[in-house]
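Below: one structure, written as structure tokens.
The values are calculated or read from the model by the stated rules, or taken from the named source; none is laboratory data. None of these values were measured; they are calculated from a predicted model. With ideal geometry, Cβ positions are generated from the backbone for all residues, glycine too; neighbour counts draw on all protein chains shown. Only protein heavy atoms, including side chains, enter the accessible area calculation; ligands, DNA and RNA are left aside. Shrake-Rupley method; radii C 1.70, N 1.55, O 1.52, S 1.80 Å.
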Amino acid sequence: MRHTQVDNSSPGSVLANSHSQGIHKRLVIKGNTTCPPTAPFNHRIVSAKPNHIRNFYTINWQEILGGGRFGQVHKCVENSSGLTLAAKVIKARNQKEKDVVKNEIQVMNNLDHANLIQLYAAYESRNDIILVLEYMDGGELFDRIIDENYTLMELDAVVFIRQICEGVQHMHRMNILHLDLKPENILCVSRVTNKVKIIDFGLARMYKQREKLRVNFGTPEFLAPEIVNCDFVSFNTDMWSLGIITYMLLSGLCPFLGDDDSETLNNILGCQWNFEEQEFVDTSEEAKDFISRLLVVNKSWRMGASEALRHPWLSDSALHHQLYTKHFNTVYMNKTTEFTVGLL
Ligand SMILES: Nc1ncnc2c1ncn2[C@@H]1O[C@H](COP(=O)(O)OP(=O)(O)OP(=O)(O)O)[C@@H](O)[C@H]1O
């Protein structure tokens with residue numbers, strides 16, 4: 001098995017065997033950590049309008065917030081309100097491609113939760129559909145892991161994972177599977193808080209019993225065993241991903257990445273992972289237990305989102321006090337002067 005760390009040069013991607021180089025992390029937590037602000041607009045039921053987006057919004061084509069499989073995301077401003085938003089431009093040249101984007105819109109119409117990015121509007125033209133989204137100013141969560149100016153402590157991981165879990169719980173209550181939870185799809189609300197939201201519902205779908213899913217193996221290290229096996233997916237498919245994100249937050253290492261895709265897929269199917277790396281020396285037993293209950297090949301044995309939220313690692317305030325003390329001591333020892341923890 002080859003462990004990896006997040007590559008500084010390419011956010012969200014990973015570097016081989018770089019854990020030996022050591023990452024010096026210092027995280028400054030400010031403000032109330034538990035509940036991110038809701039979007040600066042009420043939840044909307046959106047349909048793709050055939051109008052020209054430029055009649056209503058000024059898109060900053062120079063500023064690319066991110067890019068993905070299907071297009072790019074730009075900052076934009078609604079002309080009438082001055083509201084800053086994000087425009088996700090998705091290439092959709094035929095009806096099949098348009099239907100995929102319309103599924104993303106439909107999914108987002110069903111999701112009104114502070115930890116899930118909100119959809120403001122959508123515009124359809126001949127070659128693309130543009131989704132206008134709540135704007136997130138803080139970058140991807142995993143940019144913080146690789147930022148040498150921050151120390152990511154276990155308590156920070158608790159704060160992040162709890163929010164992700166709450167977003168996932170809401171999706172699952174609405175009968176929706178995300179199916180693409182990975183570090184790049186968790187965004188920070190701003191640079192100075194630790195509030196996060198889940199984005200990218202491009203692969204999300206309503207749960208159907210006994211639906212098998214075939215996916216494009218773009219990022220095999222995040223795939224659940226049932227996806228690798230083209231087997232039925234379910235709510236707990238997202239929980240496997242949550243286990244990987246937790247493992248990465250606590251260590252900077254990717255549990256299943258091999259030297260090539262086939263080794264990675266074998267590691268996933270064989271559930272080849274452990275806590276042997278020195279990055280886990282100080283990790284609490286509760287955190288290890290939390291991950292161990294998610295990275296389980298048989299999906300029906302994994303914790304669901306509600307159970308995960310009840311797990312001591314996310315819910316035990318005495319444990320959080322211990323982690324807080326450890327956090328305080330570490331920050332103090334590092335002579336860091338600026339921090340406040342709002343979790344407790
Ligand atoms: N609302 C937003 N505010 C700020 N940045 C955003 C927003 N939405 C997306 N981004 C940035 O753009 C990137 C790509 O967005 P998204 O994942 O939705 O697109 P995608 O084409 O589906 O990508 P992928 O191929 O990774 O699935 C994100 O990782 C993020 O960095």
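Descriptive notes on the structure:
- Strands (runs of 3 or more DSSP E) completely within the range 103-216 that count 1 or more residues being under 17 Å from Trp240 (Cβ atoms) and within 14 Å of the ligand (Cβ to nearest atom): 186-188, 196-198
- Leu65 being among the aliphatic types (A, V, I, L, M), at pLDDT below 95, within 16 Å of the ligand (Cβ to nearest atom) and assigned to a strand (DSSP E or B): yes
- Residues that are at pLDDT 90 or above, surrounded by 15 or more Cβ atoms within 10 Å (Cβ to Cβ) and either among the aliphatic types (A, V, I, L, M) or within 14 Å of the chain's Cα centre (by Cα) (or both) within the range 204-225 comprise Ala204, Phe222, Leu223, Ala224, listed in sequence order.
- Residue ID - most open to solvent (accessible area, probe 1.4 Å), chosen from residues in the range 68-83 that are within 21 Å of Phe201 (Cβ to Cβ) and assigned to a strand (DSSP E or B): Gln72
- Unmet requirement for Met248, which otherwise passes all of (1) within 16 Å of the ligand (Cβ to nearest atom); (2) more than 30 Å from Thr325 (Cα to Cα): (2)
- Restricting attention to the range 68-79, the residues being within 16 Å of the ligand (Cβ to nearest atom) and either outside the structural domain of Lys98 (by the TED database) or farther than 27 Å from Pro183 by Cβ (or both) number 2.
- Meets criteria (among the small types (Gly, Ala, Ser) and in contact with a helix residue (DSSP H, G or I) (Cβ under 8 Å, 6 or more places away or on another chain)) for Ala122: yes
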